[in-house]
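Asker: Structure incoming, see below.
The values are calculated or read from the model by the stated rules, or taken from the named source; none is laboratory data. Note that the structure is predicted; figures quoted are calculated from it, not measured. Cβ atoms come from the backbone with ideal geometry, glycine included; neighbour counts cover every protein chain shown.
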Amino acid sequence: GQNIDQPTEMTATEGAIVQINCTYQTSGFNGLFWYQQHAGEAPTFLSYNVLDGLEEKGRFSSFLSRSKGYSYLLLKELQMKDSASYLCAVRDRDYKLSFGAGTTVTVRA
Amino acid sequence: DGGITQSPKYLFRKEGQNVTLSCEQNLNHDAMYWYRQDPGQGLRLIYYSQIVNDFQKGDIAEGYSVSREKKESFPLTVTSAQKNPTAFYLCASQGSEWGEQFFGPGTRLTVL
């Protein structure tokens, strides 16, 4: 099974940078996903890491260290619309996803 | 447009009644999933299907049932045996074993 931990809440100012950490313990690892979810809506895919290192996609970047069971999602140049919940999910050897509880990010003007 | 639809968005039922939630996709994806989301908790897997006419239990299958008679459709029935059915239910599909999952808009079920 999986054990996935991420902070419950984070607050940052518009234009700033926020880093959301995710640690995991898994019996088999086949990749790590980050999703964004606005309140009452479906999660939408942000990024995917399967090898160690940094993946950059515009204002969003995600990092993975498999040996440490650690990932982070970096949100740069924060905008008000980035206020949402960010979900870390780990895929196991059976290709099923296990999700963390999510980190609610609040962006203040 | 390709995507996943779930209906209805809000559903109210009386305790003791079975209810079926709809999930349809036109993405031609083989794999489909049902998750439940409760406040302060991550998404939890109820059932999944990797091919038509086959499905497996997830982590919290008790009190739920599914069918997969068509590739496009994966309905979930919440039975009266489910002790705490009020939740936000999300359906997802996946095109390949390495791909990401795409989610439908969700159905919020309230059992009164």
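Residues are listed down the side, and each one gets a yes or a no for (1) assigned to a loop (DSSP other than H, G, I, E, B); (2) among the small types (Gly, Ala, Ser); (3) within 14 Å of another protein chain (Cβ to nearest Cβ):
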site: B:28; (1), (2), (3): yes, no, no
site: B:55; (1), (2), (3): no, no, yes
site: B:68; (1), (2), (3): yes, no, no
site: B:77; (1), (2), (3): no, no, no
site: B:82; (1), (2), (3): yes, no, no
site: B:90; (1), (2), (3): no, no, yes
site: B:93; (1), (2), (3): no, yes, yes
site: B:97; (1), (2), (3): yes, no, yes
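Asker: Residue by residue through the range A:38-70, note down the ones that are within 14 Å of chain B (Cβ to nearest Cβ), surrounded by 12 or more Cβ atoms within 10 Å (Cβ to Cβ) and more than 11 Å from the chain's Cα centre (by Cα).
Answerer: Of everything in the range A:38-70, those that are within 14 Å of chain B (Cβ to nearest Cβ), surrounded by 12 or more Cβ atoms within 10 Å (Cβ to Cβ) and more than 11 Å from the chain's Cα centre (by Cα) turn out to be A:38, A:41, A:42, A:43, A:44, A:50, A:55.
Asker: Let me ask something else about it. Yes or no: the range B:32-40 includes at least one residue that is farther than 28 Å from residue A:49 by Cβ and acidic (Asp, Glu).
Answerer: No; the residues of the range B:32-40 include none that is farther than 28 Å from residue A:49 by Cβ and acidic (Asp, Glu).
Asker: Also: Limited to the range B:1-22, what total is found for residues that are part of a strand (DSSP E or B), surrounded by 12 or more Cβ atoms within 10 Å (Cβ to Cβ) and within 12 Å of chain A (Cβ to nearest Cβ)?
Answerer: 3
Asker: Let me ask you something else. Can you tell me how many residues within the range A:57-87 are outside any loop (DSSP other than H, G, I, E, B) and either of a type in the set (Gly, Ala, Ser) or modelled with pLDDT of 95 or more (or both)? First the steps, then the outcome.
Answerer: Initial filter on the range A:57-87 (outside any loop (DSSP other than H, G, I, E, B)): A:57, A:60-65, A:70-75, A:80-82, A:84-87.
Going one step further and asking which of them are either of a type in the set (Gly, Ala, Ser) or modelled with pLDDT of 95 or more (or both), we end up with A:60-65, A:70-75, A:80-82, A:84-87.
Looking only at that region, the number is 19.
Asker: Give the range A:71-102 a look and list any residue that's under 10 Å from residue A:36 (Cα atoms) and away from every other protein chain (no Cβ under 11 Å), or say none.
Answerer: Answer for the range A:71-102, where residues must be under 10 Å from residue A:36 (Cα atoms) and away from every other protein chain (no Cβ under 11 Å): A:82, A:83, A:84, A:86.
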